[in-house]
Each structure stands twice: as C-alpha cells, then as structure tokens.
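Notes for the one structure printed next.
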Amino acid sequence: MAYKILIVDDNTLIRSAVRHLIEQNPDWQFCGEAENGKVAVERVRELAPDVVILDLAMPVMNGIEAAQKIRRIAPNPALLKYAGSIGVHQLVSKAEGSLEHLSMAIQSVVHHSPEIDSED
C-alpha cells in the first residue's frame, strides 16, 4: 500500500512541483493539498494522510499552528516542514533544499517513523 501524502503550501507552483515528485514514486500517493494551515487541518480530518508536508509561512494559519492542531486531531501522520518545530519529524529548507532533499526526507519518515505502520 502506498503512503498517502498531503501537501500544504500557499504557493501553487511549489504544490505542483511536490505533487509531481510524489507521483513519480510508486510507494507514495498524492491524497490532497491545501493552501493554508486552516484548510490543512480540514484535509487531515477528511483524508487521514500518512505524511503531511507543511510550509511554515502561510496566510490564515501558519505551519506551526497547523502542526499543533493536526497533532491534536490526528497524532499519527508524519509531519515534514519546510523549516520547523512542534511534533515535526523532518525539516527541509526551501531556500537550501531541492526536490531531491524533500524526496529523501519523505523516504526517511515513511521508513523510520514508528507512527506509520507499513503493514497497512
């Protein structure tokens, strides 16, 4: 079974590039996207992703606030942030990072997170 991944970023081009990256890996499944933290929390409730990729600086609700709310409603998904803190499994900087770095971060959390059951 593929790991379901939710992309959260206010930049449409970033979301598109990350979605393309996800779709290239047969072990990953793009399950949705959100343009801000508030919508991300709603999507987590609806979609129950295994991994949530969060931007830090977003309108309406930033990535840190979203991570806190996501942890309260769904403690199991691995959280990746593009620069971060609370309950976050991995940190990838947009300024220094690349899609290759993001890909390695996703691999790391889906294969090493005790919260993601690979048997599902």
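The values are calculated or read from the model by the stated rules, or taken from the named source; none is laboratory data. No experiment lies behind these values; they were computed from the predicted model shown. Note that each Cβ is placed from the backbone with ideal geometry, even for glycine, and that neighbours are counted across all protein chains shown.
Can you find even one residue in the range 45-59 that is part of a helix (DSSP H, G or I), within 19 Å of Glu100 (Cα to Cα) and either in contact with a helix residue (DSSP H, G or I) (Cβ under 9 Å, 6 or more places away or on another chain) or modelled with pLDDT under 90 (or both)? The answer is no, given that none of the residues of the range 45-59 is part of a helix (DSSP H, G or I), within 19 Å of Glu100 (Cα to Cα) and either in contact with a helix residue (DSSP H, G or I) (Cβ under 9 Å, 6 or more places away or on another chain) or modelled with pLDDT under 90 (or both).
With respect to being in contact with a helix residue (DSSP H, G or I) (Cβ under 7 Å, 6 or more places away or on another chain), among the basic types (Lys, Arg) and at pLDDT 90 or above, Arg19 falls outside the description. Scanning the range 24-44 for residues that are assigned to a strand (DSSP E or B), at negative phi and without any contact (Cβ under 8 Å) to a residue 60 or more places away in the chain yields Gln29, Phe30, Cys31, Glu33, Ala34.
Considering only residues that are surrounded by fewer than 18 Cβ atoms within 10 Å (Cβ to Cβ), out of contact with any Lys or Arg (no Cβ under 7 Å at 6 or more places or on another chain) and either under 22 Å from Gln68 (Cβ atoms) or not small (Gly, Ala, Ser) (or both), which ones fall in the range 15-34? Those that are surrounded by fewer than 18 Cβ atoms within 10 Å (Cβ to Cβ), out of contact with any Lys or Arg (no Cβ under 7 Å at 6 or more places or on another chain) and either under 22 Å from Gln68 (Cβ atoms) or not small (Gly, Ala, Ser) (or both): Arg19, His20, Glu23, Gln24, Asn25, Pro26, Asp27.
If you take the residues in the range 71-84 that are surrounded by 18 or more Cβ atoms within 10 Å (Cβ to Cβ) and over 11 Å from the mean Cα position of the chain (by Cα), which one is farthest from Arg15 (Cα to Cα)? Restricting to residues being surrounded by 18 or more Cβ atoms within 10 Å (Cβ to Cβ) and over 11 Å from the mean Cα position of the chain (by Cα), the top hit is Gly84. Kindly check whether there is at least one residue in the range 90-106 that is in a loop (DSSP other than H, G, I, E, B) and modelled with pLDDT of 70 or more. No, there is no match, as no residue in the range 90-106 is in a loop (DSSP other than H, G, I, E, B) and modelled with pLDDT of 70 or more. Of all the numbered requirements in (1) in contact (Cβ under 8 Å) with a residue 60 or more places away in the chain; (2) assigned to a helix (DSSP H, G or I); (3) under 16 Å from Asn76 (Cα atoms), Leu21 misses one, and that requirement is (3).
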